[in-house]
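Down below is the structure, laid out as structure tokens.
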Amino acid sequence: MADTLSLDSVRVHIYRHFVDTGRAPAATDIAQMLGRDVTEIEQAFVALADAHVIVLAPGTHSIWMAHPFSAVPTPYAVHSGGVSYWANCAWDAFGIAAMLQRDTECQCRCPDCNQQIDLSVKQGSTSRAGIVHFVVPPRRFWDNVAYT
């Protein structure tokens, strides 16, 4: 009897890969790490997406987002420990710092006014106070998480 694949183990491997490399793993990467069939990992990806743990690129089994990480370039490049990451938004840039538990560097532009913004985190703090404005109410984030 084959043992049951744990969605938690797939999730942990997804996040570990993002933390280590700054990139999303493919289903083949996770299958190899866990000694599983790729189809089984793709099914796990779908289950994790259905549970709002990850977001798959439309019509694929490729990871698009695993908050706070983005698999595709965004205006929010976060650098830490010699690795570059893409955050989905300003809030997620701070989420990456919190997840890594180390200093991060993130310079970006305000999507509204195009003013330079420093989202860097040093010793657990930002360089200055600021305001976070959510255009979409949090209860509606998953209506269209890519837009949110």
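Where a number appears in this text, it was derived from the coordinates with a stated rule and is not lab data. Predicted, not measured: the structure shown is a model, and the values here were computed from it. All Cβ positions, glycine included, derive from the backbone under ideal geometry; neighbour counts span all protein chains shown.
In what order do ASP103, ASP29, ASP50 fall by count of nearby beta-carbon atoms within 10 Å, going from fewest to most? Don't skip to the end; give the middle numbers.
Values: ASP103 14, ASP29 17, ASP50 10.
Ordered from fewest to most neighbouring Cβ atoms within 10 Å, ASP103, ASP29, ASP50 come out as ASP50, ASP103, ASP29.
Determine the relative contact order of the chain: mean sequence separation of Cα pairs under 8 Å and six or more apart, normalised by residue count, in whole percent. If you can, show how the numbers build up before the last one.
Details: 205 pairs, mean separation 19.6, N = 148.
It rounds to 13 percent for the chain.
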Using the Kirkwood formula on alpha carbons, the hydrodynamic radius of segment 7-66 in angstrom works out to 11.1
For segment 1-119 (alpha-carbon point model, no solvent) the Debye-based log₁₀ I(q)/I(0) at q = 0.10, 0.16, 0.19 Å⁻¹ works out to -0.33, -0.74, -0.96
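Between TRP91 and THR39, what length in nm is gained on full extension when 0.36 nm per residue of separation is reduced by their alpha carbon distance? Each step should come with its number before you reach the end.
Details: separation 52, 0.36 × 52 = 18.72 nm, distance 3.33 nm.
Separation in residues times 0.36 nm, less the Cα-Cα distance, equals 15.4 nm.
Order these by the 10 Å Cβ neighbour count, fewest first: TRP64, TRP91.
Ranking TRP64, TRP91 by Cβ neighbours within 10 Å, fewest first, gives TRP91, TRP64.
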When all Cα-Cα pair distances of segment 76-134 are considered, the percent exceeding 15 Å is 42
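Restricting to Cα pairs below 8 Å that are 6+ residues apart, what does the relative contact order work out to for segment 7-66? Please round to a whole percent. Don't jump to the answer; show the numbers that get you there.
On the way: 61 pairs, mean separation 16.7, N = 60.
Computed over segment 7-66, the figure is 28 percent.
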